[in-house]
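Report on one structure; see the data block that follows.
All of the numbers you see were taken from the coordinates with simple rules; none came from a lab. In this text, all values refer to a predicted model and were calculated from it rather than measured experimentally. Cβ placement follows ideal geometry from the backbone for every residue including glycine, while neighbour counts extend to all protein chains displayed.
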Amino acid sequence: MAIYHNPRRNRWVAQVTYQSRRASQSCLTRAEARLVEGALLQKLTKEVTDAPRPDSGRAVCSAYLEDLARRRKSAESIARSSDTIKRLSEFFGSRMDQAFSALADTDLYAFRLARIEKRVRPSTLNRDFRTIRAIWHQALPDRRFPKGLFMPEDETRVRWLEADQEAAVLARLRSPFAEMVRLAALTLMRVTEIRTLRRPQVSLSRGIIMLPKGKGGPGIVVLNTEARRILRRQLSAHTQDYVFPNAHGGPYSRGHIGRVWRAAARSVGLRDFTFYDLRHHGATRVLNLGFSVPIVMGLGRWKSERMMRRYAAVTDKTLRKAAEALSAKAEVGTTPDLDLPPDEHNA
C-alpha cells in the first residue's frame, strides 16, 4: 500500500496491491487518500475471495462451454449445456466455487433425486447427465463417472393427434404460433429450427429449407405445398430477417413458445403432448400413408431406426393387413391345422 503526491495534477494518490491485483484512486487531500486506501484494500480482498478457482466447478463449466464454442457446436447445444450448468449452480450454490474434483458420487445422486422430486422426465434428466458426464470426462479424465445415474426412458412413448384434436389446438393459437405449429407437423422440424429460421434459409422456388449445423447436422427440409403456402404468407407479412420474429425482430425463446403451446394444448384436454411431439405426430402421419421407415427417417433427419421402429409398430399398414389376413384365412379354413391327434382337433 502506498500514498503519494502527483504534482502534475496536484492530487494525492492511494495505491493498493493485493495478491497480484492492483487498484488506485486520486484524492484532493492526503487524509482522504488514507481513507480511500482502506476501502481499496477491502475491495481487492473481496475480489480475490469471490474469484473462482481455476479448478472450481464454475471455472470447469465455463471452460466446457468455451470448448463447445471453439469446436463450433450449434447454438442449441451450447444453450442446453448452459441450462444444465445453471441447474447445477442452483443446486450446489457456493460449492461450485470449490474444486470440481470435490464432488462425490453421492452429490450427483442427490442432484438426481432433487430433479426427480420436481417430476422432471427421464429424458430431460438424462440429457442433463450427458452434459455433466462430458464436463466430468474433460475435467477429470482419470476418474470414473458414477454408474447408475441415468434413468430408464419410456421407449414405447408415441404421441400423435387425431385430425379434430389438431384442428382444436390450432384454433386456440394466435399468429405466428399457429403457423409455427402447423409447420412443425408438416416438416418434422424441431422447435429451435423453426424459431431461429431465417429468410435466406428458405427457398420457395426450390421447395426446400437449408438448415445450418444443429442437432441433426446440416440438412435440407423438403417443403410440401401447404408448408410453402405458410412460409410465403409469413415472409410477405414483414421484412425482418427471422421468418417468425417477435416484437423486437428477434426469435421467440423456447420458453415462450412452450408456454403458448401448453396453454393451447391443455385448453383442449391434451395434458401430455409437447411441442416436440408435433415432430412425432408428423412422422406418424407419413407412416400411416404407407411410406417406409427409411423415407420418414430422411424427412425427419433421424440417424438411426431406433426412434422410428416404435412408430412403425403402431402405424405400419402392412403389419395391420398381415394381422387381418391371418384372421381372414382362419375364417375360410385355409390355415392348415396343427398336426394333432383327431380328438385334440375337436378340443
Lys/Arg Cβ at +1, Asp/Glu Cβ at -1, dipole of segment 1-125 taken about the Cα centre: which of Pro122, Ile85, Thr17 is farthest positive-ward? Thr17
Residues other than Ser236 with Cβ under 13 Å of its Cβ, Lys/Arg counted +1 and Asp/Glu -1, net out at +4
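Starting from the Cα-Cα distance between Arg174 and Ile78, subtract it from 0.36 nm times their residue separation and give me the gain in nm to one decimal.
Details: separation 96, 0.36 × 96 = 34.56 nm, distance 3.00 nm.
Here the segment from Arg174 to Ile78 would lengthen by 31.6 nm.
Using the Cα centre as the reference, give the magnitude of the dipole from point charges on the C-beta atoms of segment 163-318 (Lys, Arg: +1; Asp, Glu: -1; all else neutral), rounded to the nearest 20 debye. Numbers along the way, then the final one.
On the way: 27 positive and 10 negative charges, 61 e Å.
The dipole of segment 163-318 has a size of about 300 debye.
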Calculated from backbone phi, Karplus (6.51, -1.76, 1.60) coupling profile of segment 120-137 in Hz, x at Gly/Pro: 6, 5, x, 5, 5, 4, 5, 5, 4, 6, 5, 5, 4, 5, 5, 4, 4, 5
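Rounded to the nearest 20 Debye, what is the dipole magnitude of segment 2-50 about its Cα centre when Lys and Arg each give +1 and Asp and Glu each give -1 at the C-beta? It would help to have the intermediate numbers written out before the result.
Values: 9 positive and 4 negative charges, 46 e Å.
With Lys and Arg at +1 and Asp and Glu at -1, about 220 debye.
Once the piece of chain linking Gln42 and Ser292 is laid out straight, how much longer is it, given 0.36 nm per residue of separation minus the C-alpha distance between them? Please report the intermediate quantities before stating the final value.
On the way: separation 250, 0.36 × 250 = 90.00 nm, distance 6.98 nm.
Taking 0.36 nm per residue and subtracting the Cα distance, the gain is 83.0 nm.
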In nm, spacing of pseudo-spin labels at Arg30 and Arg232 (7 Å Cα→C-beta vector): 8.5
Rounded to the nearest Å, the spacing of the alpha-carbon centers of segment 122-181 and segment 228-265 is 22
Measuring from its Cα centre, segment 27-172 shows a charge dipole (+1 at each Lys and Arg Cβ, -1 at each Asp and Glu Cβ) which, in debye to the nearest 20, is 200
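Do you know the relative contact order of segment 57-139, to the nearest whole percent, from alpha carbon pairs under 8 angstrom that are 6+ apart?
Details: 32 pairs, mean separation 37.5, N = 83.
Relative contact order for segment 57-139 comes out at 45 percent.
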List the residues, sorted by chain then number, that are 5 or more residues from Arg11 or on another chain and whose placed amide H is less than 5 Å from its amide H. Asn6
